[in-house]
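Undergrad: Handing you this structure, nothing more for now.
The values are calculated or read from the model by the stated rules, or taken from the named source; none is laboratory data. Note that the structure is predicted; figures quoted are calculated from it, not measured. Cβ sites come from the backbone with ideal geometry, for glycine too, and all protein chains shown count toward neighbours.
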Amino acid sequence: MDFDQLLKMLSALHIERVEYILVGGVALGLHGLIRATEDVALFVNDDADNIERLRRALRSVWDDADIDQITSSDLAGEYPVIRYGPPDGGFAIDIMTRLGTRATYHDLAWQEIDVEGVKARVATAQTLYDLKRDTVRPIDRADADALRKRFNLQDD
């Protein structure tokens, strides 16, 4: 993953006041649990103004017309996930507004973490654990186990 591009994106999200929460492998890394990942997973508020701010933030990092295809109507639809691949291919961004009926942006607890001087909104360790512990993907179960051990977490 291109760390410099990630920092530029996080900075742009902060500058544009995008309502987002990092989840997934990058969030784990920011909590000190490093594992390989090729994407950035973002939960976002599906409000149309927020999605416009998200597009502005992404456009400030990548000059890519495909960013305009990220819409609040798609993210509020039946399949509320869009995968955006920046033109430089450094990583993919999974943009989501909910996980089925299990979680929406508004259900997630987050904290602000400083990443080399850039403020990032990251799901709390408990939130990451709650999202990952009961999935069918082996990587998520391993992440949940690592979170449980590192942060002494319990099921709700």
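Undergrad: Restricting the search to the range 118-156, which residues are in a loop (DSSP other than H, G, I, E, B) and surrounded by fewer than 16 Cβ atoms within 10 Å (Cβ to Cβ)?
TA: D134, T135, V136, R137, N152, Q154, D155, D156, listed by residue number.
Undergrad: Read through the list (1) modelled with pLDDT under 95; (2) touching a helix residue (DSSP H, G or I) at 6+ places or on another chain (Cβ under 9 Å), then give the number of the only condition that P138 fails.
TA: Single failed check for P138: (2).
Residue by residue, here is whether (1) assigned to a loop (DSSP other than H, G, I, E, B); (2) in contact (Cβ under 8 Å) with a residue 60 or more places away in the chain; (3) surrounded by 18 or more Cβ atoms within 10 Å (Cβ to Cβ) holds:
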{"position": "D4", "(1), (2), (3)": "no, no, no"}
{"position": "H14", "(1), (2), (3)": "no, yes, no"}
{"position": "L54", "(1), (2), (3)": "no, no, yes"}
{"position": "E78", "(1), (2), (3)": "yes, no, no"}
{"position": "R83", "(1), (2), (3)": "no, no, no"}
{"position": "G89", "(1), (2), (3)": "yes, no, no"}
{"position": "T101", "(1), (2), (3)": "yes, no, no"}
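Undergrad: What do you reckon, is L22 of a type outside the set (D, E, K, R), more than 15 Å from K132 (Cβ to Cβ), buried (at least 20 other Cβ atoms within 10 Å of the Cβ) and touching a helix residue (DSSP H, G or I) at 6+ places or on another chain (Cβ under 8 Å)? Can you show your working first?
TA: Details: of a type outside the set (D, E, K, R): yes; more than 15 Å from K132 (Cβ to Cβ): no; buried (at least 20 other Cβ atoms within 10 Å of the Cβ): yes; touching a helix residue (DSSP H, G or I) at 6+ places or on another chain (Cβ under 8 Å): yes.
The answer is no for L22.
Undergrad: Oh, and also: Any residue that is in a strand (DSSP E or B) and either polar (S, T, N, Q) or at pLDDT 95 or above (or both) - is there at least one of those in the range 26-40?
TA: Checked against the condition, which is being in a strand (DSSP E or B) and either polar (S, T, N, Q) or at pLDDT 95 or above (or both), the range 26-40 yields at least one hit.
Undergrad: Hey, among the residues in the range 63-76 that are surrounded by fewer than 20 Cβ atoms within 10 Å (Cβ to Cβ) and in contact with an Asp or Glu (Cβ under 8 Å, 6 or more places away or on another chain), which one's modelled with the lowest pLDDT?
TA: Across the range 63-76, the extreme among qualifying residues is A76.
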